[in-house]
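Q: Structure below; questions to follow.
None of the figures in this text is laboratory data; all of them are computed from the coordinates on show. Source: prediction; values computed, not measured. Glycine gets a Cβ as well: all are built from the backbone with ideal geometry, and neighbour counts include every protein chain shown.
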Amino acid sequence: MKVLVVNPNTSAAMTARIGAAAAAVAAPGTVVDAVNPGFGAPSIEDHHDDVWAAAGVLEQVRRGQAEGADAFVIACFGDPGLHAARELADGPVIGIAEAAFHAASLLATGFSVVTTLTRTCVIAEHLVLQYGFERKCRGIHGSDIAVLDIDGAGSTCFETILGTAREALVRDRSGAIVLGCAGMADLCHALQQRLGVPVVDGVGAAVKLAEALVGLGLRTSKRGDYAPPLAKRYTGLAQPWSP
């Protein structure tokens, strides 16, 4: 089984870390290919970045589809381009936010999200409503750490994220934490040990869900709105991506 993990930003270092986190949870026989777009923003921290990230996701999903990927993971907590990617792909396409929400809801009656910049909290709030988790998600909390400043368990950012998570658990009366950034994936186990509650990394959750769906022989529905995009000629910058 081949799972294409798409980091929608252009940071090669972050892509490598995300790929390592994905590979660490993948089953024997699952090949994880972590990639990032050839254009776009080095980090995704606002709506403007998100638009370009969605286009970058589609660039890589189209390539992965042509190369025979069995499933796709969108490794950004905004799940940019998720629905459009499902139109393009035959295999399952899993966004890490949607995967993390599902996983956390199976582990606790309520969960809190800890993310990066506070300004991005509204993006997570929109996804909670879109995916129908408003009864399970009890709060979304920004740590005010820039995405590219997250540097693994040895970073001073770890203590800030830990403190934000502790406050969230108390304030929200939550039983689990969802990490609201793919760049936090390698902090998951250390945070769980310190907090004593389930800490869900969406990258790992998405990989395991993708494996399960492929193992069950399930593919993205091509009836209705996930049918392939309508054939038409795009113009300008979009011309190479004409359906």
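Q: Classify the chain: rounded, prolate or oblate, from the alpha-carbon gyration tensor (a ≥ b ≥ c, eigenvalue square roots; a/c under 1.5 rounded; otherwise prolate if a/b is larger than b/c)?
A: Prolate, since a/c reaches 1.5 and a/b exceeds b/c.
Q: With respect to the cross-link table entries LYS136/LYS208; LYS2/LYS208; LYS136/LYS222, which display a Cα-Cα separation exceeding 24 Å?
A: LYS136/LYS222
Q: Report, in degrees rounded to the nearest 10, the 0 to 90 angle that the Cα long axis of helix 47-66 makes with the longest principal axis of the chain.
A: Helix 47-66 and the main axis of the chain meet at about 50 degrees.
Q: What FRET efficiency do you get for ALA13 and LEU216 if R0 is 30 Å and r is their Cβ-Cβ distance, rounded to the nearest 0.05?
A: 0.30
Q: On to the next question. Magnitude of the Cβ-charge dipole of region 1-140, K/R +1 and D/E -1, about the Cα centre, nearest 20 debye?
A: 320 debye
Q: For region 102-108, just list the computed ³J(HN,Hα) in residue order, Karplus coefficients 6.51, -1.76 and 1.60, θ = phi - 60°, integers in Hz, with x standing in for Gly and Pro.
A: Running phi through 6.51 cos²θ - 1.76 cosθ + 1.60 with θ = phi - 60° gives 4, 4, 5, 5, 8, 10, 8 Hz.
Q: Using the count of nearby Cβ atoms within 10 Å as a rough guide to exposure, how do TRP52, TRP241 rank from fewest to most?
A: TRP241, TRP52
Q: What does the extension gain come out to for VAL51 and HIS126, with contour length at 0.36 nm per residue minus their alpha carbon separation?
A: In short, 25.5 nm is gained.
Q: Hey, fewest Cβ within 10 Å first, where do ILE44, ILE150 land in order?
A: Taking fewest neighbouring Cβ atoms as first place, the list is ILE150, ILE44.
Q: By how many nm would the segment from ARG63 to LYS2 lengthen if fully extended, with 0.36 nm per residue of separation less the alpha-carbon distance?
A: 20.6 nm
Q: Here's another thing I want to ask about it. Would you compute, from DSSP H runs of 4+ residues alone, the mean residue ellipticity of the chain at 222 nm, taking -39500 (n - 2.57) per run and dividing by the full residue count, rounded to the nearest 500?
A: -13000 deg cm²/dmol
Q: Relative contact order for the chain: what is it in percent, counting Cα pairs under 8 Å that are at least 6 residues apart?
A: Relative contact order comes out at 22 percent.
Q: Simple spin-label model, 7 Å along Cα-to-Cβ: LEU117 to SER242 in nm?
A: 3.6 nm
Q: If one takes the longest principal axis of the Cα atoms in the chain, at what angle in degrees, from 0 to 90 and to the nearest 10, does the Cα axis of helix 157-172 lie?
A: Tilt relative to the chain: about 80 degrees.
Q: Taking neighbour counts of Cβ atoms within 10 Å as a proxy for exposure, in what order, fewest first, do CYS137, CYS157 appear?
A: Fewest to most other Cβ atoms nearby, the residues stand as CYS157, CYS137.
Q: Within straight cross-link reach of LYS232, meaning Cα distance under 18 Å, which lysines are found once same-chain residues fewer than 8 apart are removed?
A: none
Q: Distance from the Cα centre of region 5-71 to that of region 83-118, in angstrom?
A: After rounding, the separation between the Cα centres reads 15 Å.
Q: Hey, another quick one. Can you give the local net charge around PRO243? Use residues other than it whose beta-carbon is closer than 12 angstrom to its beta-carbon, Lys and Arg +1, Asp and Glu -1.
A: +2
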